[in-house]
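To start, the structure under review is shown below, and the notes come after it.
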Amino acid sequence: MPFTIQNKNVLITGATSGIGKAAAIKLAQMGANIYFIARNSEKAKNLVNELQSLSGAKASFFIANLSSLEEIKKVSEEFKSLSIPLHVLLNNAGLINNQRKETIDGFEEVFAINHLAYFFLTNLLIDCLNSGIPSRIVNVSSGAHAFVKGFNFDDVQSEKNYKPFQVYGYSKLANILFTKKLSQILEKDNITVNCLHPGVVGTSFGQNNGNLQKILFYIAKPFMRSSEKGAETSIYLCSSSDVSDISGKYFYNCKLAKTTKWAQSQDDADRLWDLSKNLTGLA
(Lines give C-alpha, C1' and ligand atoms only; values in the text may rest on other atoms or scores of the structure.)
Protein backbone atom coordinates (compact mmCIF):
# COMPACT_ATOMS: atom_id res chain seq x y z
CA MET A 1 0.00 0.00 0.00
CA PRO A 2 1.54 3.37 -0.99
CA PHE A 3 2.51 5.75 1.80
CA THR A 4 0.25 8.76 2.22
CA ILE A 5 0.80 11.79 4.43
CA GLN A 6 -2.94 12.38 4.80
CA ASN A 7 -4.07 12.25 8.44
CA LYS A 8 -0.50 11.49 9.54
CA ASN A 9 1.00 13.25 12.56
CA VAL A 10 4.07 15.32 11.65
CA LEU A 11 6.32 17.06 14.19
CA ILE A 12 8.57 19.84 12.84
CA THR A 13 11.31 21.89 14.50
CA GLY A 14 12.07 25.39 13.22
CA ALA A 15 8.67 25.70 11.55
CA THR A 16 7.84 29.38 12.08
CA SER A 17 10.05 30.68 9.26
CA GLY A 18 11.98 29.72 6.15
CA ILE A 19 11.94 26.20 4.76
CA GLY A 20 10.41 24.80 7.95
CA LYS A 21 7.37 27.02 7.54
CA ALA A 22 7.13 26.26 3.81
CA ALA A 23 7.24 22.52 4.60
CA ALA A 24 4.60 22.87 7.33
CA ILE A 25 2.23 24.72 4.98
CA LYS A 26 2.62 22.24 2.12
CA LEU A 27 2.31 19.15 4.34
CA ALA A 28 -0.80 20.64 5.95
CA GLN A 29 -2.27 21.24 2.49
CA MET A 30 -1.56 17.57 1.74
CA GLY A 31 -3.70 16.62 4.73
CA ALA A 32 -1.14 16.08 7.50
CA ASN A 33 -1.74 17.01 11.13
CA ILE A 34 1.02 19.48 11.96
CA TYR A 35 2.68 19.74 15.36
CA PHE A 36 5.68 21.99 15.73
CA ILE A 37 8.18 23.26 18.28
CA ALA A 38 8.83 27.01 18.45
CA ARG A 39 10.56 29.50 20.74
CA ASN A 40 8.22 32.43 20.07
CA SER A 41 4.58 31.90 21.05
CA GLU A 42 3.30 34.81 18.95
CA LYS A 43 4.93 33.45 15.77
CA ALA A 44 3.65 30.00 16.69
CA LYS A 45 0.04 31.21 17.08
CA ASN A 46 0.29 33.04 13.76
CA LEU A 47 1.47 29.87 12.02
CA VAL A 48 -1.36 27.80 13.53
CA ASN A 49 -3.86 30.37 12.25
CA GLU A 50 -2.23 30.36 8.82
CA LEU A 51 -2.20 26.56 8.58
CA GLN A 52 -5.82 26.31 9.64
CA SER A 53 -6.98 29.02 7.25
CA LEU A 54 -5.05 27.54 4.30
CA SER A 55 -5.95 23.92 4.76
CA GLY A 56 -8.31 23.45 7.68
CA ALA A 57 -5.64 21.07 8.99
CA LYS A 58 -5.14 20.17 12.61
CA ALA A 59 -2.20 22.24 13.89
CA SER A 60 -0.73 22.83 17.33
CA PHE A 61 2.58 23.81 18.87
CA PHE A 62 4.91 23.39 21.83
CA ILE A 63 7.18 26.11 23.19
CA ALA A 64 10.81 25.17 23.79
CA ASN A 65 14.34 26.44 23.30
CA LEU A 66 16.12 23.60 21.51
CA SER A 67 19.51 24.73 22.82
CA SER A 68 18.49 23.38 26.25
CA LEU A 69 18.49 19.63 26.95
CA GLU A 70 15.99 20.18 29.77
CA GLU A 71 13.56 21.95 27.44
CA ILE A 72 13.95 19.26 24.76
CA LYS A 73 13.12 16.66 27.41
CA LYS A 74 10.11 18.70 28.56
CA VAL A 75 8.74 19.12 25.04
CA SER A 76 9.19 15.41 24.28
CA GLU A 77 7.16 14.60 27.41
CA GLU A 78 4.47 17.06 26.30
CA PHE A 79 4.23 15.34 22.92
CA LYS A 80 4.15 11.89 24.54
CA SER A 81 1.33 13.03 26.84
CA LEU A 82 -0.90 13.41 23.76
CA SER A 83 -0.80 9.59 23.44
CA ILE A 84 -0.76 9.71 19.66
CA PRO A 85 1.55 8.00 17.17
CA LEU A 86 4.26 10.05 15.46
CA HIS A 87 4.49 9.27 11.77
CA VAL A 88 7.05 11.85 10.64
CA LEU A 89 9.69 13.81 12.56
CA LEU A 90 11.25 16.65 10.55
CA ASN A 91 14.38 17.94 12.29
CA ASN A 92 14.76 21.29 10.58
CA ALA A 93 15.81 23.93 13.16
CA GLY A 94 19.29 25.31 12.63
CA LEU A 95 21.53 28.35 12.90
CA ILE A 96 24.93 29.78 12.10
CA ASN A 97 26.70 32.13 14.51
CA ASN A 98 29.29 34.77 13.73
CA GLN A 99 30.84 34.39 17.20
CA ARG A 100 31.12 31.49 19.60
CA LYS A 101 28.22 31.25 22.05
CA GLU A 102 27.47 28.69 24.73
CA THR A 103 24.14 27.17 25.69
CA ILE A 104 22.79 26.88 29.22
CA ASP A 105 24.31 23.36 29.25
CA GLY A 106 27.76 24.72 28.34
CA PHE A 107 27.78 23.44 24.75
CA GLU A 108 28.81 25.48 21.72
CA GLU A 109 25.44 26.70 20.41
CA VAL A 110 25.66 25.70 16.71
CA PHE A 111 26.68 22.13 17.60
CA ALA A 112 23.95 22.02 20.27
CA ILE A 113 21.06 23.19 18.10
CA ASN A 114 22.13 21.78 14.74
CA HIS A 115 23.16 18.34 15.99
CA LEU A 116 22.54 17.55 19.65
CA ALA A 117 18.93 18.75 19.49
CA TYR A 118 18.29 16.44 16.50
CA PHE A 119 19.95 13.56 18.31
CA PHE A 120 18.28 14.04 21.70
CA LEU A 121 14.75 14.83 20.51
CA THR A 122 14.75 11.92 18.06
CA ASN A 123 15.94 9.43 20.65
CA LEU A 124 13.34 10.63 23.16
CA LEU A 125 10.55 10.18 20.58
CA ILE A 126 11.51 6.74 19.26
CA ASP A 127 8.62 5.08 21.11
CA CYS A 128 6.15 7.51 19.50
CA LEU A 129 7.69 6.79 16.08
CA ASN A 130 7.40 3.05 16.76
CA SER A 131 3.69 3.60 17.43
CA GLY A 132 3.36 5.22 14.00
CA ILE A 133 5.14 2.68 11.79
CA PRO A 134 5.83 2.88 8.95
CA SER A 135 7.33 6.16 10.16
CA ARG A 136 10.03 8.55 8.99
CA ILE A 137 12.76 10.75 10.40
CA VAL A 138 13.98 13.53 8.10
CA ASN A 139 17.09 15.55 9.03
CA VAL A 140 17.86 18.82 7.28
CA SER A 141 21.61 18.81 6.65
CA SER A 142 23.47 20.91 4.08
CA GLY A 143 26.02 20.85 1.29
CA ALA A 144 28.05 22.89 3.80
CA HIS A 145 29.24 19.55 5.19
CA ALA A 146 31.81 19.77 2.37
CA PHE A 147 33.40 22.79 4.12
CA VAL A 148 35.19 20.38 6.46
CA LYS A 149 37.38 17.31 6.09
CA GLY A 150 36.09 15.04 8.80
CA PHE A 151 34.42 15.76 12.13
CA ASN A 152 36.36 17.79 14.72
CA PHE A 153 36.54 15.25 17.55
CA ASP A 154 39.60 17.04 18.94
CA ASP A 155 37.65 20.28 19.43
CA VAL A 156 33.96 19.34 19.50
CA GLN A 157 32.94 22.56 21.27
CA SER A 158 35.08 24.76 18.96
CA GLU A 159 36.96 26.26 21.90
CA LYS A 160 40.38 26.36 20.23
CA ASN A 161 39.34 27.76 16.88
CA TYR A 162 36.04 29.39 15.87
CA LYS A 163 35.37 29.93 12.18
CA PRO A 164 31.62 30.38 11.57
CA PHE A 165 31.28 28.50 8.29
CA GLN A 166 33.58 25.71 9.44
CA VAL A 167 31.64 25.25 12.69
CA TYR A 168 28.41 25.19 10.70
CA GLY A 169 29.98 22.63 8.33
CA TYR A 170 30.89 20.35 11.24
CA SER A 171 27.30 20.46 12.50
CA LYS A 172 25.91 19.59 9.07
CA LEU A 173 28.40 16.74 8.69
CA ALA A 174 27.16 15.53 12.09
CA ASN A 175 23.60 15.41 10.68
CA ILE A 176 24.71 13.02 7.94
CA LEU A 177 26.73 10.81 10.29
CA PHE A 178 23.77 10.73 12.71
CA THR A 179 21.42 9.76 9.86
CA LYS A 180 23.77 6.95 8.82
CA LYS A 181 24.10 5.46 12.30
CA LEU A 182 20.44 5.82 13.29
CA SER A 183 19.29 4.17 10.06
CA GLN A 184 21.44 1.16 10.97
CA ILE A 185 20.02 0.98 14.49
CA LEU A 186 16.42 1.21 13.20
CA GLU A 187 16.98 -1.04 10.19
CA LYS A 188 14.47 -3.69 11.29
CA ASP A 189 11.97 -1.32 12.92
CA ASN A 190 10.14 0.05 9.85
CA ILE A 191 11.36 3.57 10.62
CA THR A 192 13.37 5.22 7.85
CA VAL A 193 15.94 7.97 8.43
CA ASN A 194 17.14 10.25 5.63
CA CYS A 195 18.78 13.65 5.36
CA LEU A 196 18.99 16.37 2.74
CA HIS A 197 20.59 19.50 1.38
CA PRO A 198 17.87 22.15 0.85
CA GLY A 199 20.07 24.27 -1.40
CA VAL A 200 21.14 27.80 -0.54
CA VAL A 201 17.90 29.41 0.55
CA GLY A 202 17.23 33.16 0.59
CA THR A 203 15.68 33.44 4.07
CA SER A 204 16.81 35.52 7.03
CA PHE A 205 18.82 32.50 8.26
CA GLY A 206 22.20 33.63 9.59
CA GLN A 207 21.55 37.32 9.00
CA ASN A 208 21.48 38.31 12.65
CA ASN A 209 25.13 37.50 13.20
CA GLY A 210 27.15 40.51 12.24
CA ASN A 211 28.00 42.65 9.27
CA LEU A 212 30.10 40.18 7.27
CA GLN A 213 27.29 37.64 7.01
CA LYS A 214 24.74 40.36 6.22
CA ILE A 215 26.93 41.58 3.35
CA LEU A 216 27.49 38.05 2.04
CA PHE A 217 23.75 37.36 2.33
CA TYR A 218 22.71 40.38 0.27
CA ILE A 219 25.38 39.74 -2.37
CA ALA A 220 24.30 36.13 -2.73
CA LYS A 221 20.53 36.56 -2.35
CA PRO A 222 19.74 36.93 -6.09
CA PHE A 223 21.32 33.50 -6.62
CA MET A 224 19.46 31.83 -3.76
CA ARG A 225 16.30 29.75 -3.97
CA SER A 226 13.00 30.54 -2.29
CA SER A 227 11.89 28.88 0.95
CA GLU A 228 9.28 26.97 -1.03
CA LYS A 229 11.92 25.60 -3.41
CA GLY A 230 14.27 24.86 -0.50
CA ALA A 231 11.54 22.90 1.28
CA GLU A 232 10.77 20.61 -1.68
CA THR A 233 13.18 17.84 -0.69
CA SER A 234 12.03 17.93 2.95
CA ILE A 235 8.42 17.59 1.78
CA TYR A 236 9.39 14.79 -0.63
CA LEU A 237 11.17 12.79 2.08
CA CYS A 238 8.28 13.31 4.51
CA SER A 239 5.54 12.30 2.11
CA SER A 240 6.59 10.40 -1.01
CA SER A 241 6.03 6.67 -1.52
CA ASP A 242 9.18 6.68 -3.67
CA VAL A 243 11.37 6.65 -0.54
CA SER A 244 9.39 4.17 1.57
CA ASP A 245 12.19 1.60 1.40
CA ILE A 246 15.16 3.99 1.42
CA SER A 247 17.03 4.80 4.63
CA GLY A 248 20.37 6.26 5.67
CA LYS A 249 20.72 8.36 2.51
CA TYR A 250 21.39 11.99 1.56
CA PHE A 251 19.17 13.82 -0.93
CA TYR A 252 19.26 17.03 -2.95
CA ASN A 253 16.54 18.24 -5.33
CA CYS A 254 14.43 15.19 -4.42
CA LYS A 255 17.13 12.82 -5.67
CA LEU A 256 19.85 10.75 -4.06
CA ALA A 257 23.02 12.84 -3.89
CA LYS A 258 26.69 12.30 -3.16
CA THR A 259 28.34 13.29 0.08
CA THR A 260 32.01 13.77 0.84
CA LYS A 261 34.01 10.68 1.82
CA TRP A 262 34.16 11.98 5.41
CA ALA A 263 30.36 11.84 5.62
CA GLN A 264 30.54 8.12 4.78
CA SER A 265 32.89 7.17 7.62
CA GLN A 266 31.43 4.36 9.72
CA ASP A 267 34.04 4.91 12.42
CA ASP A 268 33.10 8.59 12.72
CA ALA A 269 29.37 7.77 12.73
CA ASP A 270 29.92 5.28 15.58
CA ARG A 271 32.17 7.66 17.48
CA LEU A 272 29.79 10.62 17.13
CA TRP A 273 26.87 8.46 18.29
CA ASP A 274 28.70 7.46 21.47
CA LEU A 275 29.86 11.02 22.10
CA SER A 276 26.32 12.39 21.61
CA LYS A 277 24.88 9.78 23.99
CA ASN A 278 27.35 10.86 26.66
CA LEU A 279 26.77 14.58 26.15
CA THR A 280 22.97 14.26 26.29
CA GLY A 281 22.96 11.85 29.23
CA LEU A 282 21.51 8.95 27.23
CA ALA A 283 24.56 6.72 27.76
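The values are calculated or read from the model by the stated rules, or taken from the named source; none is laboratory data. As the structure is a computational prediction, the values presented were derived from the model and not from experiment. Virtual Cβ from ideal backbone geometry, glycine too; neighbours counted across all protein chains shown.
Check whether at least one residue in the range 80-103 is under 20 Å from A23 (Cα atoms), assigned to a helix (DSSP H, G or I) and hydrophobic (A, V, I, L, M, F, W, C), and report yes or no. Within the range 80-103, none of the residues are under 20 Å from A23 (Cα atoms), assigned to a helix (DSSP H, G or I) and hydrophobic (A, V, I, L, M, F, W, C). In the range 94-120, the residue that is surrounded by the most Cβ atoms within 10 Å (Cβ to Cβ) out of those that are within 17 Å of F165 (Cα to Cα) and of a type in the set (A, V, I, L, M) is A112.
The residue of the range 76-87 that is nearest to the chain's Cα centre (by Cα), among those that are within 16 Å of N33 (Cα to Cα) and surrounded by fewer than 23 Cβ atoms within 10 Å (Cβ to Cβ), is F79. Scanning the range 262-283 for residues that are outside any helix (DSSP H, G or I) and modelled with pLDDT of 95 or more yields S265, G281, L282.
Could you list all residues from the range 38-75 that are buried (at least 20 other Cβ atoms within 10 Å of the Cβ), touching an Asp or Glu at 6+ places or on another chain (Cβ under 9 Å) and under 14 Å from A24 (Cβ atoms)? Residue satisfying the conditions is A59 alone.
Restricting attention to the range 176-232, the residues that are part of a loop (DSSP other than H, G, I, E, B) and either of a type in the set (G, A, S) or modelled with pLDDT of 75 or more (or both) add up to 14. Against the conditions (1) polar (S, T, N, Q); (2) under 19 Å from G281 (Cβ atoms); (3) modelled with pLDDT under 95, S53 satisfies every one except (2). Filtering the range 150-165 for residues that are of a type outside the set (K, R), without any contact (Cβ under 8 Å) to a residue 40 or more places away in the chain and under 23 Å from S239 (Cα atoms) leaves an empty set. Filter the range 237-256 down to residues that are surrounded by fewer than 19 Cβ atoms within 10 Å (Cβ to Cβ), out of contact with any Phe, Trp or Tyr (no Cβ under 7 Å at 6 or more places or on another chain) and at negative phi, then give me how many there are. The qualifying residues number 7. For the range 257-282, filtered to residues that are out of contact with any His (no Cβ under 6 Å at 6 or more places or on another chain) and closer than 16 Å to V140 by Cβ, the residue that is surrounded by the fewest Cβ atoms within 10 Å (Cβ to Cβ) is A257. For the range 167-188, residues that are surrounded by fewer than 18 Cβ atoms within 10 Å (Cβ to Cβ) and either in contact (Cβ under 8 Å) with a residue 60 or more places away in the chain or on the phi > 0 side of the Ramachandran plot (or both) total 2. Residues in the range 44-76 that are farther than 23 Å from F120 by Cβ and part of a helix (DSSP H, G or I): K45, N46, L47, V48, N49, E50, L51, Q52, S53, L54, S55. Residues that are under 17 Å from the mean Cα position of the chain (by Cα), small (G, A, S), within 17 Å of E232 (Cβ to Cβ) and at pLDDT 95 or above occur at least once in the range 24-41.
Looking only at residues in the range 5-42 that are of a type in the set (A, V, I, L, M, F, W, C) and in a strand (DSSP E or B), which one is farthest from L129 (Cα to Cα)? Only one residue fits best here, namely A38.
Which residues, taken from the range 153-163, are at pLDDT 95 or above and of a type outside the set (G, A, S)? Hits for the range 153-163 are F153, D154, D155, V156, Q157, E159, K160, Y162, K163.
Once the range 137-166 is narrowed to residues that are within 21 Å of M224 (Cβ to Cβ) and of a type in the set (A, V, I, L, M), the residue that is surrounded by the most Cβ atoms within 10 Å (Cβ to Cβ) is V140. Out of the residues in the range 1-37 that are within 22 Å of A64 (Cα to Cα) and of a type in the set (F, W, Y), state the one that is surrounded by the fewest Cβ atoms within 10 Å (Cβ to Cβ). Ranking the qualifying residues of the range 1-37, first place goes to Y35.
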